1. If you keep only loop residues by DSSP, which GluC sites (Glu not before Pro) in region 308-339 have at most 14 other Cβ atoms within 10 Å of their Cβ?
2. What list of ³J(HN,Hα) values in whole Hz, one per residue of region 369-381 in order, does the Karplus curve 6.51 cos²θ - 1.76 cosθ + 1.60 (θ = phi - 60°) give from phi, with Gly and Pro shown as x?
3. What list do you get for Phe181, Phe206 if you sort them by fewest beta carbons within 10 Å?
4. Per residue of region 340-357, what does 6.51 cos²θ - 1.76 cosθ + 1.60 with θ = phi - 60° give for ³J(HN,Hα)? Whole Hz please, x for Gly and Pro, Karplus curve as stated.
5. Counting just the Cα atoms, what span does region 15-127 cover along each of its three principal axes? Round to the nearest Å and put the largest first.
6. Between Gln57 and Thr390, what is the label-to-label distance in nm when each label sits 7 Å out along the Cα-to-Cβ direction?
Amino acid sequence: MGDSVAEPSPSRFTYCYSLECSVRIESTSTEEKKPTLTAKNATITLGRNASRQILLQVELNGGKSRYYPAFASYSLADCIVHQQGIGHGKGSIEIPSRKMVVQLSNCAPRRLNVFLKSLQAKIDIMNAECKSNSNTLCTPISVKRQVMASDDQPSKHTIQLSDEQRAVIRAAVQSKQNLFFTGSAGTGKSLILRRIIELLPASTTFITAATGVAACHLGGVTLHSFAGIGVGGLSTKQSLRIANSKKNIIKQWRMCSHLIIDEISMVDAEYFTNIEYRNNKFHQVARSIRGDNRPFGGIQLIITGDFLQLPPVVKNTEELKFCFESPAWNRSIQKIIILEQVQRQTDRKFISILQQIRMGRCNQEAIDCLVRTKDNNLISEGIVPTRLCTHTADADKLNC
């Protein structure tokens with residue numbers, strides 16, 4: 001895959017002292033109300049001055065006003081950290097002494113979580129340093145050691161990523177490549193996708209999937225709902241006309257910087273083409289709405305799924321074509337990573353059989369092993385196990 005596993009993974013950091021996000025600075029004064037300042041692109045950094053006081057440095061990229069300079073430092077001696085909304089990439093830092101609150105949005109949820117916890121840890125240490133020296137049971141040094149120890153030690157409930165899983169996250173988050181990653185069941189595709197979502201700006205990252213069930217599991221919407229061009233079967237011109245007629249669709253296309261698509265195997269080539277493709281004088285939906293002639297209008301694509309699982313659903317009269325057969329696929333996808341390590345099972349023989357079934361080619365040893373299981377008694381305490389089938393009608397018939 002060409003990735004160096006020695007590089008640090010963005011999913012493994014335990015501290016964060018700088019954050020790129022959108023900032024809204026509001027006055028909390030009831031006497032002199034200053035105008036609110038909003039900056040879509042800003043960098044906030046935690047630091048200390050010569051007196052070791054904690055500072056919040058706010059750099060407004062391309063924005064300033066009479067009341068708020070483009071670069072400013074604020075003392076956080078009495079700040080209050082508000083962590084509600086972290087999952088949506090939002091948080092705030094209230095500074096009572098300055099009668100202001102700095103609201104953060106469009107943050108990568110995971111980075112924001114670590115940033116605010118890092119700030120809270122610094123505040124706890126600072127408060128401990130201000131206590132009376134008579135409190136010898138919990139000195140500032142011991143408090144700092146406790147905080148650092150709790151931050152550095154991963155929770156026993158945290159799932160550690162493998163090298164190849166971290167390589168996917170690096171390609172998506174650090175290299176910002178248009179990426180397709182795939183693998184058999186149990187290789188951790190869903191886990192990786194959730195980690196990537198945590199590390200991308202929440203307001204400009206749109207999470208989609210081919211089916212409603214898959215979208216629901218990720219907290220997103222269906223690709224059809226996001227694209228706004230119907231469920232398929234339309235020409236590029238018709239698709240663009242439908243999308244342009246919906247103001248909310250135009251708004252989210254323009255806001256989108258990262259588009260995540262799960263269960264890509266169920267998206268047919270024609271639909272993928274209609275979202276991106278430019279046909280003669282009619283620009284494709286993404287490029288036209290965004291005013292950007294790059295593939296998908298410059299949006300970063302992060303796509304996953306398994307083409308050896310569920311295929312696209314098409315009408316009997318339509319030719320089945322997978323997404324990768326679309327001319328838009330090669331223009332858009334910059335990197336493909338195949339996950340090979342199955343994490344869900346440890347039985348190597350069972351994994352080998354599953355991989356052979358997945359490819360539709362079983363050797364005699366696998367066939368003999370499967371045949372020997374046909375007389376296994378699976379009934380336990382009177383409970384008859386459910387039979388899994390590819391079609392609902394068959395499942396209803398066998399499990400009634």
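1. Sites meeting the loop and neighbour criteria: Glu318, Glu319.
2. 5, 6, 5, 5, 8, 5, 9, 4, 8, 9, 6, 10, 6
3. On the way: Phe181 27, Phe206 19.
Lowest to highest Cβ neighbour count: Phe206, Phe181.
4. 10, 8, 7, 9, 6, 10, 10, 6, 5, 5, 5, 4, 4, 5, 4, 5, 5, 4
5. Principal-axis extents of region 15-127 (Cα, largest first): 33, 31, 25 Å.
6. 6.1
Any read-out appearing in this document is the output of simple, stated calculations on the displayed coordinates, not a laboratory observation. Computed from a predicted model, the values in this text were never measured in an experiment. Positions of Cβ are generated from backbone atoms using ideal geometry, with glycine treated the same way; all protein chains shown enter the neighbour counts.
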